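A.B. asks: First the structure, which I've put down as structure tokens, then a few questions once you've had a look.
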Amino acid sequence: MTLTGDGWLGIAPSDRKLTMRSLDSWRCGDGTIRENWVLVDLLHVYAQIGVDVFARLAEFNKSCACS
């Protein structure tokens, strides 16, 4: 995919081509698709644009008043 226009899921457009890994699960019944679930590897997308989600979480947890 290419992030253009308004971006995607809050990720700013960068006009760079990215690889999107996903997993589709289907439930069929009576000859038709009844349900479909799609999981997208967002950590992989963020890594491709230079965002280290786990580093950000570590920084957040340092400043958090969590018990």
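The values are calculated or read from the model by the stated rules, or taken from the named source; none is laboratory data. Everything numeric in this text was worked out from a predicted model, so none of it was measured. FYI the Cβ positions are ideal-geometry reconstructions off the backbone, even for glycines, and counts take in every protein chain you see. Surface areas here come from the heavy atoms of the whole protein model, side chains and all, with no ligands, DNA or RNA. Shrake-Rupley method; radii C 1.70, N 1.55, O 1.52, S 1.80 Å.
A.B. asks: Can you find, within the range 1-16, the residue that is most open to solvent (accessible area, probe 1.4 Å) among those that are among the hydrophobic types (A, V, I, L, M, F, W, C) and not in a loop (DSSP other than H, G, I, E, B)?
C.D. replies: TRP8
A.B. asks: Name, by its number, the condition in (1) loosely packed, with under 10 Cβ neighbours inside 10 Å; (2) in a strand (DSSP E or B); (3) among the polar types (S, T, N, Q) that does not hold for THR19.
C.D. replies: (2)
A.B. asks: Filter the range 22-61 for residues that are part of a strand (DSSP E or B) and among the small types (Gly, Ala, Ser); which is most open to solvent (accessible area, probe 1.4 Å)?
C.D. replies: Checked the range 22-61; the qualifying residue most open to solvent (accessible area, probe 1.4 Å) is SER22.
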